[in-house]
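Working notes for the structure below.
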Amino acid sequence: MVLPFSFVIGGCLAGCHQRKAPPSIDGVAAALERTAGQALAAPSLADDEVLIPVSHGGAEAQAAQVLAAATAAGGAAIRSPDEGGRMRILATIPENNAVAFKAALRHESEPMEKPSSSTRLIEVVLQSQTGPSPTP
């Protein structure tokens, strides 16, 4: 008699206790993905990054100087199209001439060495400076 009574009590307790569905995280995951895509830039693949501020309209001349400095350092460089005031140049420079390449970007002089076989990928970003235009 005790055994059937315990089944009745157990069944009543199980029936009265409602199971809640686990909270849905699909909406939260989608919101996080959207936010991360908007707020976080893709990481650079370059070993080094150099930011050079340029005057409005001076990016083309500066890009030519960066390409020439890469060649002088025994490396090579390619440039991307202008992206809203930012131009990116990726340069592959022999490791032993990386310091001299960066010095050339600052218009300083460092001795160049015979190019080594190991290289560094250096990203040069030309950032257009916006400001009040000069009055004639």
When the stretch 41-71 is examined, which residues are found to be surrounded by 14 or more Cβ atoms within 10 Å (Cβ to Cβ), within 23 Å of ASN97 (Cβ to Cβ) and among the hydrophobic types (A, V, I, L, M, F, W, C)?
-> ALA46, VAL50, ILE52, ALA63, VAL66, LEU67, ALA69, ALA70
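Check whether at least one residue in the stretch 109-122 is of a type in the set (Ser, Thr, Tyr) and under 22 Å from the mean Cα position of the chain (by Cα), and report yes or no. Break it down into steps so the answer makes sense when it comes.
First, pick out the residues of the stretch 109-122 that are of a type in the set (Ser, Thr, Tyr): 109, 116-119.
Next, only the ones that are under 22 Å from the mean Cα position of the chain (by Cα) stay: 119.
For the stretch 109-122, residues of a type in the set (Ser, Thr, Tyr) and under 22 Å from the mean Cα position of the chain (by Cα): present.
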Among the candidates GLU113, GLU49, which residue alone is under 19 Å from GLN129 (Cβ atoms) and acidic (Asp, Glu)?
-> GLU49
Out of (1) part of a helix (DSSP H, G or I); (2) out of contact with any Lys or Arg (no Cβ under 6 Å at 6 or more places or on another chain), the odd one out for ALA91 is which?
-> (1)
Whichever residue in the stretch 15-67 is of a type in the set (Gly, Ala, Ser), more than 17 Å from PRO81 (Cα to Cα) and part of a helix (DSSP H, G or I) and, among such residues, is modelled with the lowest pLDDT = GLY15
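The values are calculated or read from the model by the stated rules, or taken from the named source; none is laboratory data. A quick note: this is a predicted structure, and the numbers were derived from the prediction, not measured. All Cβ positions, even for glycine, are placed from backbone atoms using ideal geometry, and neighbour counts span all protein chains on display.
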